[in-house]
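Below is one structure, written out as structure tokens; comments come after it.
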Amino acid sequence: PGQRRGVSDYDTTQQWNANFVWEVPYGRGKKWGNGIPGALNQFLGGWQLSGLWQQSTELPVSVGNGRFWPTNFNITGWATQTGVVPAPKKSKNAPAVAGRAGPNVFADPNPALKAYDYTFPGETGQRNGVRGDGYFTFDFGLGKRFLLPLEGHSLQFRWETFNVPNAVRFDVNSLTLDLGNVGSFGKYSGLLNGPRVMQFSLRYEF
């Protein structure tokens with residue numbers, strides 16, 4: 001068990017979360033514009049901004065030993081680092097060890113592959129020695145409340161955008177990081193976050 005020591009599979013050294021809801025202080029009942037006419041208030045009052053920001057540092061992953069079982073026939077084990085591994089540097093179109101280029105955890109996977117070798121019998125290799133992408137997204141919402149003639153009734157329009165910057169963060173669990181599949185070593189095949197998405201809604205409040 002001591003050979004398997006390493007950071008947890010879900011380790012994030014730092015993680016930041018922030019959110020806000022801000023009602024623009026203009027219009028009837030607000031700090032500014034309290035005395036504007038009702039028709040004008042329908043356009044200039046009742047605006048609301050909201051946002052959600054989530055970000056974490058890089059997530060860990062292990063280099064696999066291929067279809068070889070140095071310890072037992074239940075756990076294939078991890079590869080053993082025998083050289084200097086280049087610092088992971090995400091590339092959306094990195095050269096492949098063999099085959100087509102594509103998203104990779106390394107700018108060039110060839111020297112990274114040469115830094116690993118098969119693990120000897122009785123050993124388990126190196127656990128979670130590489131870090132790939134962490135999570136990031138920023139969501140934003142714009143709302144407008146229209147007051148209706150009935151007292152206490154209103155109609156709220158909302159425009160919400162998820163992943164506003166359309167940021168791309170790859171999923172380390174989708175990595176091909178295995179000595180048994182060297183041609184696509186370090187390649188990503190999945191995302192942690194989704195592409196930019198917008199939605200519009202109406203909500204009747206009473």
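The values are calculated or read from the model by the stated rules, or taken from the named source; none is laboratory data. These numbers come from a predicted model, not from an experiment. Here the Cβ is made from the backbone with ideal geometry for all residues, glycine too, and neighbour counts use every protein chain on show. These accessible areas exclude ligands, DNA and RNA; they are computed on the full protein's heavy atoms, side chains included. Shrake-Rupley method; radii C 1.70, N 1.55, O 1.52, S 1.80 Å.
Mean residue ellipticity, 222 nm, helices only, the chain: the sum of -39500 (n - 2.57) across DSSP H runs of n ≥ 4, divided by residue count and rounded to 500, is -1500 deg cm²/dmol. Scanning the chain for GluC sites (Glu not before Pro) lying in DSSP loops with no more than 16 further Cβ atoms inside 10 Å, the longest uninterrupted stretch between such sites is 1-122. From the P(r) of the stretch 112-151, could you give the percentage of C-alpha pairs in the tail past 12 Å? Roughly 81 percent, rounded to a whole number. Could you tell me what % of all Cα pairs in the stretch 1-113 have separations over 18 Å? Counting every Cα pair in the stretch 1-113, those more than 18 Å apart make up 73 percent. Under a model in which nothing but the beta-carbon of Lys, Arg (+1) and Asp, Glu (-1) is charged, the stretch 1-114 shows a dipole of about 140 debye around its Cα centre. Of the trypsin sites (Lys or Arg not before Pro) in the stretch 37-90, which ones lie in a loop per DSSP and count no more than 16 other C-beta atoms within 10 Å? Passing sites in the stretch 37-90 are R67, K89. A cut-off of 5 Å between modelled amide H atoms, ignoring neighbours fewer than 5 places along the same chain, links G180 with G66, R67.
The trypsin sites (Lys or Arg not before Pro) of the stretch 145-206 meeting both criteria, a DSSP state outside H, G, I, E and B (loop) and at most 15 other C-beta atoms within 10 angstrom of the site's C-beta, are R196. Taking θ as phi - 60° and the Karplus parameters 6.51, -1.76 and 1.60, the scalar couplings of the stretch 103-113 work out to x, 9, 6, 10, 5, 9, x, 4, x, 5, 5 Hz in sequence order, x denoting glycine and proline. Probing with 1.4 Å while keeping every protein chain in the model, the per residue accessible area of the chain equals 61 Å². Restricting to DSSP loop positions (anything but H, G, I, E, B) with no more than 13 other Cβ atoms inside 10 Å of their own Cβ, which trypsin sites (Lys or Arg not before Pro) remain in the stretch 20-64? Passing sites in the stretch 20-64 are K31.
Summarised in one figure, the compactness ratio Rg/Rh of the chain, Cα atoms and Kirkwood Rh, is 1.24. Simple point charges give the picture: +1 on the Cβ of Lys and Arg, -1 on the Cβ of Asp and Glu, and for the chain a dipole about the Cα centre of about 380 debye.
In whole percent, how big is the carbon plus sulfur part of the accessible area of the chain, probe 1.4 Å, protein atoms only?
Result for the chain: 58 percent of the exposed heavy-atom area is carbon or sulfur.
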